[in-house]
1. Ordered by residue, what ³J(HN,Hα) values in Hz, to whole numbers, does region A:93-102 give under the Karplus form 6.51 cos²θ - 1.76 cosθ + 1.60, where θ = phi - 60° and Gly and Pro are x?
2. Viscosity 1.567 mPa s, temperature 4 °C: Stokes-Einstein D of region A:157-221 from its Kirkwood Cα radius, in µm² per second?
3. How long are the semi-axes of the equivalent ellipsoid of region A:98-225, defined as square roots of 5 times the Cα gyration tensor eigenvalues? Whole Å, largest first.
4. Under 4 °C and 1.567 mPa s, how fast does region B:11-222 diffuse according to Stokes-Einstein, given a Kirkwood radius computed over C-alpha pairs? Answer in µm²/s, whole number.
5. Considering only DSSP beta bridges whose two residues both sit in the protein assembly as shown, what percent are antiparallel, to the nearest 5?
6. Hey, what do the phi angles of region A:259-269 turn into as Karplus ³J(HN,Hα) couplings, whole Hz, using 6.51/-1.76/1.60 and θ = phi - 60°, x for Gly and Pro?
7. Helix B:115-128 sits at what angle to the longest principal axis of chain B, using alpha carbons and giving 0 to 90 degrees rounded to 10?
8. Rounded if a/c is under 1.5, else prolate if a/b beats b/c, else oblate: with a ≥ b ≥ c from the C-alpha gyration tensor eigenvalues square-rooted, which is region B:98-175?
Amino acid sequence: MSAPIIRTRGLTKRFGTFLAVDAVDLAVPPRTIFAFLGGNGSGKSTTIRMLIGILAPTAGEIEVDGIDVVRRPRQVRDHIGYMGQRVSLYQGLTLRENVEFYAGLFGLQGRRLEQRWGELRERFALEQAEGERPENLPAGIRQRAGLALGMLHHPRVLFLDEPTAGVDVRSRHLFWHVIREEAAGGTTVFVTTHFLEEVEHCDRVACIEGGKLIAEGAPDELRARFTPGYRITVRGAPPAVVAGELVSAGCTITQASDPVCATIPSLRPATLAVLARLREVFAQAEITVEQPEMAEVFRRMLAAAREAS
Amino acid sequence: MAHAGSAEPLIRLRGLVKRWGPRLALAGIDLEISQPAVVGVVGPDGAGKSTLLRALAGLLDVEAAEARVLGFDLRRDVTALKARVGYVPQVWSLHPALSVEENMRFTARLHRLDEATCRQRTTDLLERTQLAAFRHRPAGALSGGMKQKLAVACALLPAPALLLLDEPTAGIDVLARAELWNLFTAARASALVVTSTSYLEEAAACDILVCLDRGQVLACTSPTALRNALPFECYRAWTEATGAVVAAARTLPYVGSLRPRAAHVRIDVPVERSPGPDAVLRDLHGLPGVHFAERIAPDMEAALLGLARGEGR
């Protein structure tokens, strides 16, 4: 695996006697979408504020895109884009005026600005909104505009703190389309959300509770750790054959008669290949896969952590 | 004047209109709800969700052919209606300097609850919201989830017949959300609960969904019926190469929208264009990078995206 593009060691923040972030070690591989989950007041936003260099840690190390953020908090800003829960668009200025203002901060102007903004405007479907003031735009469009502005300077890492809070399903769909494109193009995306189904877009997940990192891994690793796993049902095929095949693929059989039911902690290509073969051999069979929902994974994870503390 | 429990529907709106200057926020709402239930109000930003909730709370001057809530006419004096409604607005509006208990006491006095009732309901609600340990904490110093629980507790204090909640769980974590939903479903025993939400799993948990767009009701039905009425079939293709699979799936002439995730792609196929599940599955299996493809039940995201596109009405 390539060297992490975001790395913290023993990252800690105290506010007086309150320990908001407690010795957090993070390693985010480049070009991934990394979900950072946590309950209200878990230390999520405090961690992000330290990562982007606007809040000095009490202790620990932070490296983002090769920059020591603790020593050089200003230098990291050219490398990252940030969008917070409250989109920082200036009211009273039109979207276009906001664009010129933000572009100016990064020395982006003239033809280069026109080209970059033209491209973002189209991808984010912001053509109609350009002349509007942010306060007159629906939340979904405002969020997209905020993200476009955060990306003007081609940041290598995007930090998104609850970017889709209070945004409708259609805008979220479009928003994630852009995020995935961006990640496919090489940007690393560090994102928090309370919409747990959005974690399905993410390559890795970390979870913070009470300032401590309580879990980290690929979504399937966490599913395997905190839930009974995937549930596979095969109906209308010889049960003995099906059960044999599923066992060979690593499944645990929970019902051996038709419909055959089985569980498996995570879905690997080898398991899927067995399902595909069953479909091929028994064309009439009905095969379904039930994926444990991320909300359920997160609920169990939090409950376990709260129980332990 | 009729009350909850009598034969008259709890809500009956016909042609409800709310104008803000030249803009029609509600453009002729027809809605009838007869039984206590958890009713979800969903729709795109600017669809009129908050306006509808405020209208139901008796907070707006409206025009309508008929506009009755709990038997009261929204176009006349709604003072008596307000006494029977609990309303939690989108912007948290309790008193930050008052403690949890003082906020509840304040609400109780507004509703002229007698001392014994106030004490008994406050104790009960603090217990059920798990706020009892924080009763002396200033409301402004509570976490986001606790603030919302307090807001709901205050709204429930007068034992309303209608509980109106405007995005009560926005920005709230999953555990606090589950606790809030326990309150809503418990309230359903004696009240009609109407809540707006942008969470798909909350929409799926409602008894009835009212889908709004541009100030009109597109659908008013159960979440299951909404999903089953979708005019498209849903499939899921498991792959590690979602980008390539999306590109390849686009070349299939019958494919509608594609919804890629990290480990699979959801594929919606309009029924009128579908060559049948067997053929679709065969084609999907043939795409490079697809390990396995299956037909899945339509999900809430598919239903709401479909409605937004004008399908399934």
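Read-outs: derived from the displayed coordinates by stated rules, not from any lab. This structure is a prediction, so every number in the text was calculated from the model and none was measured. We place every Cβ from the backbone using ideal geometry, glycine too, and count neighbours over all the protein chains shown.
1. Listing the rounded values in order: 9, 6, 4, 4, 5, 4, 4, 5, 5, 5 Hz.
2. 102
3. 30, 16, 13
4. Using the Kirkwood radius from Cα pairs, D works out to 74 µm²/s.
5. 70
6. Per-residue couplings from phi come out as x, 6, 10, 8, 10, 8, x, 8, 8, 9, x Hz.
7. 30
8. Taking the square roots of the gyration eigenvalues as a ≥ b ≥ c, region B:98-175 is oblate.
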